[in-house]
1. What's the total number of residues in region 115-136 that are over 20 Å from ILE55 (Cα atoms), in contact (Cβ under 8 Å) with a residue 24 or more places away in the chain, surrounded by fewer than 23 Cβ atoms within 10 Å (Cβ to Cβ) and of a type outside the set (Lys, Arg)?
2. Just to check your reading of the model, which residue among PHE33, PHE60, PHE28 is closer than 17 Å to LYS209 by Cβ, touching a strand residue (DSSP E or B) at 6+ places or on another chain (Cβ under 6 Å), surrounded by 12 or more Cβ atoms within 10 Å (Cβ to Cβ) and not aliphatic (A, V, I, L, M)?
3. Would you confirm whether any residue within region 107-114 is crowded, with 21+ Cβ neighbours inside 10 Å, in contact (Cβ under 8 Å) with a residue 12 or more places away in the chain and touching a His at 6+ places or on another chain (Cβ under 8 Å)?
4. Of the residues that sit in region 141-174 and are assigned to a helix (DSSP H, G or I), out of contact with any strand residue (DSSP E or B) (no Cβ under 9 Å at 6 or more places or on another chain) and aliphatic (A, V, I, L, M), which one is surrounded by the most Cβ atoms within 10 Å (Cβ to Cβ)?
5. Restricting attention to region 68-93, report how many residues are more than 17 Å from ARG37 (Cβ to Cβ) and either of a type in the set (Ser, Thr, Tyr) or surrounded by fewer than 24 Cβ atoms within 10 Å (Cβ to Cβ) (or both).
6. Could you grab me the full set of residues in region 60-79 that are touching a Leu at 6+ places or on another chain (Cβ under 8 Å), touching a residue at least 40 places away in the same chain (Cβ under 8 Å) and either under 7 Å from ASN103 (Cβ atoms) or aliphatic (A, V, I, L, M) (or both)?
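Taken together, the values in this text are just the output of simple stated rules run on the coordinates, not laboratory data. Keep in mind the model is a prediction, meaning the values are calculated, not measured. Neighbour counts run over all protein chains shown; Cβ positions are idealised from the backbone, glycine included.
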Amino acid sequence: MKKEKKTLSGDPVLKHASVSDLLKRNDFRVTIFGSARIKKDDKIYKQIFNLAKSIGHEGFDIVTGGGPGLMEAANAGHEAGDKPRRAQSIGLTIHLPWEAEKNEYLEVHKHFAKFSKRLDTFMTLSSAIVITPGGIGTCLELMYTWQLEQVQHICPLPIILVGRMWEPLIKWFKKYPLKQGLISPKDMNNIYVARSNKKAMEIILKTYKVFQKEGKNYCSNVRKYKLD
């Protein structure tokens, strides 16, 4: 008799799942934010593909904006790494006058008309956040996550910045807002700059060990962000 496939949490793998189904489960999920404009032949596309491949190989779910560019790289890489299909590749798309098509690698898809509800859903699903190169939208996603952590509306998730473009930004935060007392030293605690996929995976795996150890008590000291 063929055994039922299980996720890392021990729950059966969901087929034809919805985001609502996933919100009821305590699965470990890595969200990757990044630009829709980066093409397949770009070096960073290949890097994010390989990072997501490692995430899929570990059996972790992945969450992206579901579109082209680095979102596609992440969903495609996850598919390549998750051969046993233990984990879900999730895409939360948004209505835009451009770049609105979902990529072909999604297993779970939800479309949004407004950024606010989409961002809230990202926060509710996420166990770790990876920020890759991107523009205004990616910066919004970074700042939204960071601000919610600052005011303890979500668990203190690791925010992992991949790509050298983020290093000057973090230096700016330390030089100006931090130095002038506009933010606290503890606000920098969960910000990580990862110059390589290896470093990013080290942080993700360390977070998973805590998640696995704590189980349902993970971040119980912080009010879990909930959707209305």
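1. Here is the first cut: in region 115-136, the ones over 20 Å from ILE55 (Cα atoms) are 115-121, 134-136.
Add one more test, that the residue is in contact (Cβ under 8 Å) with a residue 24 or more places away in the chain, and what stays is 115, 117-121, 134-135.
If we keep only those that are surrounded by fewer than 23 Cβ atoms within 10 Å (Cβ to Cβ) too, we end up with 115, 117-121, 135.
Subsequent filtering for residues that are of a type outside the set (Lys, Arg) retains 115, 119-121, 135.
Matching residues across region 115-136 total 5.
2. PHE60
3. no
4. Among residues in region 141-174 that are assigned to a helix (DSSP H, G or I), out of contact with any strand residue (DSSP E or B) (no Cβ under 9 Å at 6 or more places or on another chain) and aliphatic (A, V, I, L, M), the one surrounded by the most Cβ atoms within 10 Å (Cβ to Cβ) is LEU148.
5. 9
6. VAL63, GLY66, ALA74, listed by residue number.
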